[in-house]
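Have a look at the structure below before the remarks.
The values are calculated or read from the model by the stated rules, or taken from the named source; none is laboratory data. The shown structure was predicted, so the numbers you read here are calculated from the model rather than taken from an experiment. Positions of Cβ are backbone-derived with ideal geometry, glycine not excepted, and every protein chain shown enters the neighbour counts. For accessibility, only protein heavy atoms count, side chains too; no ligands or nucleic acids. Shrake-Rupley method; radii C 1.70, N 1.55, O 1.52, S 1.80 Å.
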2 protein chains.
Amino acid sequence: MTRLRLPGLIDPHVHVRDLNQSHKEDWDSATAAALAGGITTILAMPNTQPPITDGAALAQYQAAAQARARCDYGLYFGAGPGNVESAARFAPQVAGMKMYLDSTFGDLKMDALSLLVEHCARWPKESPLLAHAEGHHVASAILAAHLAGRSIHICHVSRKDEIELIARARDKGYAVTCEVCPHHMFMTLDDCGLAPGYLEVRPRLATPADVAALWAHLADIDCFATDHAPHTRAEKESEKPPPGFPGLETALALWLTAAHQGRLTLEDLLARMHTNPRRIFNLPEQPDTWIEVDADCEWQPDASRMYSRAGWTPFVGWRLRGRVIAVTLRGQLAYDGERVLAQPGTGRDVMNSSYSV
Amino acid sequence: MTRLRLPGLIDPHVHVRDLNQSHKEDWDSATAAALAGGITTILAMPNTQPPITDGAALAQYQAAAQARARCDYGLYFGAGPGNVESAARFAPQVAGMKMYLDSTFGDLKMDALSLLVEHCARWPKESPLLAHAEGHHVASAILAAHLAGRSIHICHVSRKDEIELIARARDKGYAVTCEVCPHHMFMTLDDCGLAPGYLEVRPRLATPADVAALWAHLADIDCFATDHAPHTRAEKESEKPPPGFPGLETALALWLTAAHQGRLTLEDLLARMHTNPRRIFNLPEQPDTWIEVDADCEWQPDASRMYSRAGWTPFVGWRLRGRVIAVTLRGQLAYDGERVLAQPGTGRDVMNSSYSV
């Protein structure tokens, strides 16, 4: 067995749910799933119920995370039409601000160019600004951020024209970073084998040409995120299936399998699952933290053995190679390959300054 | 009477129609209307029926214009999904290429970011590239052109956030020019007084805040276009009224009235109706060409006395000050204040090299 010792991974794009949507996931189950996937820090999206677009909701989710999180975490603040003037004051408490320029789960979509421009201008430059932006909105977000003299992070890039535009902008010196998700790198809409409802995800699954372009532009992809977006089987089988895939417990194995196949190196993987997200999102070091992986272990994802409350995985039955066998977080064994040992409430907020070393 | 002698005006945004839509307008009636409005050069949009997106249609409209135009003209080529590879070869024959990124009359809308990027990359840099772009698409068009290392002209800007973005991009050195139309500078949706159907225009009439922002950014507005877009009364009163206003015969008087009111200077007007469009669209000089205006004449637009086949005007009954009393085109009296004297077929194509002086 080839045993690898790797740094604790960082997932900059997780939907934790909790509070009014705890049946889908909460801070307990989401962070257990993260640890089982080798991820020791998650950054959580604000399209929650209630949405994290004001101080009251932020405080509620901070309290929920503090009470239940088993791994370290940050919260994103959500940009909206109603918080253009107030958002900036919350920057010291959050990992960044997320802008929804395209439709997804929840009600945070901003249509007006003016909102994009205003949020870009007002959000503190030292705090990350992220965009769910597809098609023309990728270009719009890049230009608005550039004219505001600040950086922008494009979430879950999924299309050929988007990654090509991002690559060209980076070549010209624009401060643009981006992430991709496993489902956009390893699946297409036609070959996914998922039933209607289950295959709904935003951005949608794409074409072989899109997937090929993403792989061809690996050098322009800073982070591998999961966009872990749990919904239950009943919801995915309903008349209006919500978009989203769970992904925390399969991501590393999918990337390790690709590495085994020679599609990327382990260094490529670690840059995108640790070094780059840590730099882009200004994350503190986690002392005495590492994960151990059996690089040769072949296994097949099985939702009945997962910690996520979603209860299904789009990668069911895939033959993966590489499995997390232990996670040590701040000197404590947090996952032993079978059980999550870290207790709810032991995770720390990356924005809590007492945590910085 | 204050008699002004001005250069022949240029309208870079006219829908001439003709061929399958000659009942709305043709090269004869459109150019007669232009001359009656003091305009000696019009640049004609490609969302015709058939659309000017290939060589065959271009040749048809060139022949129609050559046969019927009474003033000088250029044709725009239309970008589409089907002519990414072929468009550039037509650049020497046209005044520029128009990209439709938002919905308007006709079927030329391009949705994909990839089409915008590809057309920006392939259209010859020395030929103008124009975009009907609203909201986020303004940003997208500006960035795509910039990354392709070329200029872009944003048509009929109508919103506060759009002109502010354009102004900021110009400040940062982006090669962006733009135009506004009288109906977006002198009307709002609420005060237009137009019946449903008649008030349909793209971009839509806006708000007082939008109008105020356009005026505040006059320095960033290069051209005054009309977006003359004739549809008949019957069409505007139909169940699916097509968007568009006629405007060739009222534009100069509206701007002169604003000048009389002190909202801009005559120099501002001439820069935007002659000097700037001539420079931006690389137009040849028209020798021995000028217009004469009675700057004190007060009059009210009356469609029954107009040359456009639209048969109505959104400015009916407005009290305007300043009226064209004569147009001389290449030494010939083309309009005497009552009658258009220039004959069909005497207009010249600005791209015909034999015309250059």
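When the accessible area of region B:210-298 is computed with all protein chains present and a 1.4 Å probe, what percentage of it is carbon and sulfur?
Result for region B:210-298: 48 percent of the exposed heavy-atom area is carbon or sulfur.
Mind grabbing the interface size between A and B? I mean buried accessible area, both sides, 1.4 Å probe, in Å² to the nearest hundred.
2200 Å²
Helix check for chain B. Which DSSP H runs span at least 24 Å along their own axis by Cα, with a mean Kyte-Doolittle hydropathy no less than 0.0?
Qualifying helices, which must be both long enough and hydrophobic enough, do not occur.
Within 10 Å of each candidate Cβ there may be at most 14 other Cβ atoms; applying that plus a DSSP loop requirement, which trypsin sites (Lys or Arg not before Pro) in region A:232-328 survive?
For trypsin sites (Lys or Arg not before Pro) across region A:232-328 that sit outside H, G, I, E and B with at most 14 neighbouring Cβ atoms in 10 Å, the list reads A:263, A:319.
In debye, nearest 20: dipole of region B:3-335 around its Cα centre with unit charges on the Cβ of K, R (+) and D, E (-)?
360 debye
In chain B, what % of DSSP beta bridges are antiparallel (nearest 5)?
Within chain B, antiparallel bridges account for around 40 percent of the total.
Pull up the cross-link candidates among the lysines for residue B:125, meaning alpha carbon to alpha carbon under 28 Å and not fewer than 8 places away within one chain.
A:160, A:172, B:98, B:109, B:172
Answer rounded, prolate or oblate for the protein assembly as shown, using the Cα gyration tensor with square roots of eigenvalues a ≥ b ≥ c: rounded when a/c is under 1.5, else prolate when a/b is larger than b/c, else oblate.
Prolate is the answer for the protein assembly as shown, as a/c is 1.5 or above and a/b outweighs b/c.
If you place +1 on the Cβ of every Lys and Arg, -1 on the Cβ of every Asp and Glu, and leave all else neutral, what size is the dipole of the protein assembly as shown about its Cα centre, to the nearest 20 Debye? Numbers along the way, then the final one.
Values: 68 positive and 84 negative charges, 123 e Å.
Its charge dipole is roughly 600 debye.
What shape does region A:212-357 take by its C-alpha gyration tensor, where a ≥ b ≥ c are the square roots of the eigenvalues and a/c under 1.5 counts as rounded, a/b above b/c as prolate, and the rest as oblate?
rounded
Please compute, for peptide A:111-117, the average count of beta-carbon atoms on other protein chains lying within 10 Å of each residue's beta-carbon.
Taking all residues of A:111-117 together, the mean is 5.
For region A:157-179 and region B:317-346, what is the centre-to-centre distance using only Cα atoms, to the nearest Å?
A separation of 52 Å, based on Cα centres.
Within the protein assembly as shown, what percent of beta bridges assigned by DSSP are antiparallel, to the nearest 5?
40 percent
Rounded, prolate or oblate: which one fits chain B, using the alpha carbon gyration tensor with axes a ≥ b ≥ c (rounded when a/c is under 1.5, else prolate when a/b beats b/c, else oblate)?
Rounded, because the longest to shortest axis ratio a/c is under 1.5.
Report, by chain and number, residues whose modeled amide H sits under 5 Å from the one on residue B:130, excluding near sequence neighbours (fewer than 5 apart, same chain).
B:97, B:98, B:99, B:153
Going toward the positive end of the dipole of the protein assembly as shown, with +1 on Lys and Arg Cβ and -1 on Asp and Glu Cβ, which of A:290, B:32, B:83 do you reach last?
A:290
Using a cut-off of under 18 Å, list every residue of region A:243-275 whose amide N is near the label point 7 Å from the Cα of residue A:319 along the Cα-to-beta-carbon line.
A:253-263
Given the C-alpha centroids of region B:195-249 and region B:1-67, what is the distance between them in whole angstrom?
18 Å
If amide hydrogens are placed 1.01 Å from N in the peptide plane, which non-local residues have theirs closer than 5 Å to the one on residue A:13?
Long-range HN contacts for residue A:13: A:43, A:226, A:227.
Roughly how crowded by other chains is peptide A:129-140, in terms of the mean Cβ count from those chains within 10 Å of each of its Cβ atoms?
Other-chain Cβ atoms within 10 Å of each residue's Cβ, averaged: 5.
Relative contact order of region A:122-176, please, whole-number percent, based on alpha carbon pairs below 8 angstrom and at least 6 residues apart. Walk me through the intermediate numbers first.
Working: 53 pairs, mean separation 20.9, N = 55.
Computed value for region A:122-176: 38 percent relative contact order.
Counting only other chains, what is the mean number of Cβ atoms within 10 angstrom of the Cβ of each residue in peptide B:142-152?
Per-residue shielding by partner chains comes out at 4.
Can you list the aspartates and glutamates whose alpha carbon is less than 13 Å from that of residue B:240, not counting same-chain residues fewer than 8 positions off?
Within reach: B:200.
Name the residue from B:184, B:262, B:304 whose Cα lies farthest towards the positive end of the charge dipole of chain B, charges +1 on Cβ of Lys and Arg and -1 on Cβ of Asp and Glu.
Result: B:262, furthest along the dipole toward the positive end.
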